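A.B. asks: Let me begin by handing over the structure; questions about it come next.
The values are calculated or read from the model by the stated rules, or taken from the named source; none is laboratory data. Computed from a predicted model, the values in this text were never measured in an experiment. When we count neighbours, we look across all protein chains shown, and the Cβ atoms used for this are built from the backbone with ideal geometry, even at glycine. What goes into the accessible areas is simple: the full protein's heavy atoms, side chains included, and nothing from ligands, DNA or RNA. Shrake-Rupley method; radii C 1.70, N 1.55, O 1.52, S 1.80 Å.
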Amino acid sequence: MGKVKIMCVCGTGIATSTVVHNGVANMCKKNNIEYEIIQCKSLEVKSKLNTFSPDLIVSTTTISTTTTIPIISGIAFLSGVGLEKVEEQIITALKQTLGVI
Amino acid sequence: MLLDVNLLDTELVVLNLELENKYDVMTVLANCLLEKNIVKPSYLQALIEREDVYPTGLQTKEFGVAIPHADIQHVLKPSIAIATLKNSVKFNLMASPENTVDVKIVFMLALTEPQKQLQLLQDLISLFQASHLIKQMLKCDDRQMFIDIVNQINQNE
C-alpha cells in the first residue's frame with residue numbers, strides 16, 4: 001500500500017487540528033495505513049493544497065476554498081458525537097485513495 | 001495534565017457568572033489570563049476577531065460548550081481559564097457558524113506549543129464528553145472543589 005496525505009484544518013491551526021491530527025493518526029495506525037499529516041489554518045488551505053497535495057482534508061471549520069479533494073468534518077473528534085461514523089468515513093476515503101476498495 | 005498548577009488554578013476559574021453574551025464572557029476570562037501574565041494585551045482583540053470568523057461552540061452529547069482561543073503569538077505561557085454561567089449565552093457553532101448553541105461552560109485556551117500540550121487538549125475533550133462531571137461543574141460554587149472535579153478526568157483515564 002502507498003502512503004496517504006491528510007491535511008487537518010482548524011481556525012488557528014493549533015488547537016482543534018492538533019486533536020484531530022492525533023485522532024486521525026491513531027485511526028491510520030489501527031488500520032495499518034501509512035500516512036503523512038500536516039495541520040494548518042483554514043486560511044492556509046489554498047496554498048497548502050498546492051504544496052502538500054493532500055488526498056483527504058479533515059476539518060473542524062468551514063473551508064471556503066473550492067477543491068475536488070474530499071473534505072470530512074472532524075468535529076466528532078471534539079464532541080464525541082458520531083465518532084464511529086466519522087472513523088468509518090475517513091478509513092473508507094483513505095482506502096479509496098489507496099485503491100484497495 | 002489539567003492538574004498542573006501552572007495550567008489551572010483557582011484564580012483562573014470563575015463560577016456562576018451572570019453575563020449577557022459571549023463577548024462579555026470572553027472579556028472576563030481574557031482579563032483573568034491577562035492579570036496573571038499568561039497572555040499579551042493583544043489576546044482579547046485577537047480572540048474576539050477569531051471567534052467572529054471561526055467560532056468555537058460545540059454541541060456534545062448533553063451540553064453546549066465553547067473553547068475560545070487566539071493564535072500562539074498572543075500567548076506568553078500555556079494555561080486555561082474556565083467560566084460557568086448562571087444563564088446560558090449563545091456561541092456560534094464551529095461546524096456550522098450560521099447556527100448557535102446555548103453554552104453554560106466556557107474553556108478559554110492559552111496555548112503556546114500545541115503538540116506538547118496535546119495531553120491538555122485530550123483531557124479537555126474527555127471532560128466535555130463526561131456529562132456527569134460537567135453536571136457537577138455547573139452546580140459547583142467553590143473554586144477549589146471545581147478544580148477537584150476537573151481533575152477527576154485524569155483519574156478516570
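A.B. asks: Can you list which of the GluC sites (Glu not before Pro) found in segment B:1-100 are DSSP loop residues with at most 14 other C-beta atoms within 10 Å? Before the final figure, lay out each step's value.
C.D. replies: Details: sites: B:Glu11, B:Glu18, B:Glu20, B:Glu35, B:Glu49, B:Glu51, B:Glu62, B:Glu98; in loops: B:Glu18, B:Glu20, B:Glu62, B:Glu98.
Listed in order of number, the matching sites are B:Glu18, B:Glu20, B:Glu62, B:Glu98.
A.B. asks: Another question, then. For chains B and A, what's the summed buried accessible area, probe 1.4 Å, to the nearest 100 square angstrom?
C.D. replies: Separately minus together, B and A give about 1900 Å² buried.
A.B. asks: Then there is this: If you count the DSSP beta bridges with both ends in the protein assembly as shown, what percent of them are antiparallel, to the nearest 5? Show your work: numbers first, answer last.
C.D. replies: On the way: 14 of 36 bridges.
Within the protein assembly as shown, antiparallel bridges account for around 40 percent of the total.
A.B. asks: OK, next. How much mean residue ellipticity at 222 nm does chain B get from its helices, if each DSSP H run of length 4 or more adds -39500 (n - 2.57) and you divide by all residues, to the nearest 500 deg cm²/dmol?
C.D. replies: -12000 deg cm²/dmol
A.B. asks: Something else: Out of all Cα-Cα pairs in the protein assembly as shown, roughly what percent, to the nearest whole number, are more than 22 Å apart? Mind dumping the intermediate values first?
C.D. replies: Values: 17784 of 33153 pairs.
The proportion of pairs with Cα distances above 22 Å equals 54 percent.
A.B. asks: Can you give me the relative contact order of segment B:5-150 as a percent, contacts being Cα pairs under 8 Å and 6 or more apart?
C.D. replies: It comes to 28 percent, rounded to a whole number.
A.B. asks: Amide H of A:Ile14 versus every other amide H placed in the peptide plane: which residues, excluding those fewer than 5 positions away on the same chain, fall under 5 Å?
C.D. replies: Residues meeting the amide H criterion: none.
A.B. asks: If each DSSP helix of 4+ residues adds -39,500 (n - 2.57) and the sum is divided by the residues in chain A, what number results at 222 nm, nearest 500 deg cm²/dmol?
C.D. replies: Theoretical 222 nm ellipticity from helices: -13000 deg cm²/dmol.
A.B. asks: Next question. Below 8 Å, C-alpha to C-alpha, sequence gap of six or more: please give me the relative contact order for segment A:1-55 in percent. Numbers along the way, then the final one.
C.D. replies: Values: 73 pairs, mean separation 28.6, N = 55.
RCO, segment A:1-55: 52 percent.
A.B. asks: Compute a Gaussian network model of chain A, connecting alpha carbons closer than 10 Å, and tell me which residue from A:Val58, A:Val19, A:Val45 fluctuates the most.
C.D. replies: Maximum fluctuation in the GNM of chain A, among the listed residues, is at A:Val19.
A.B. asks: Can you tell me the relative contact order of segment B:33-88? Whole percent, Cα pairs under 8 Å, sequence separation 6 or more.
C.D. replies: With pairs under 8 Å counted, the relative contact order is 42 percent.
A.B. asks: Exactly which trypsin sites (Lys or Arg not before Pro) in segment B:1-80 are in a DSSP loop and have at most 16 other Cβ atoms within 10 Å?
C.D. replies: Passing sites in segment B:1-80 are B:Lys36, B:Lys61.
A.B. asks: Report the far tail of the P(r) of segment A:3-98, meaning the percent of Cα-Cα pairs longer than 18 Å. Intermediate values should be presented prior to the final figure.
C.D. replies: Working: 1676 of 4560 pairs.
When all Cα pairs of segment A:3-98 are counted, 37 percent exceed 18 Å.
A.B. asks: Here is a follow-up. So for chain B: antiparallel DSSP bridges make up what percent, rounded to the nearest 5?
C.D. replies: Of all bridge pairs located within chain B, approximately 65 percent are antiparallel.
A.B. asks: Averaged across A:7-17, how many Cβ atoms of other chains sit within 10 Å of each residue's Cβ atom?
C.D. replies: 6
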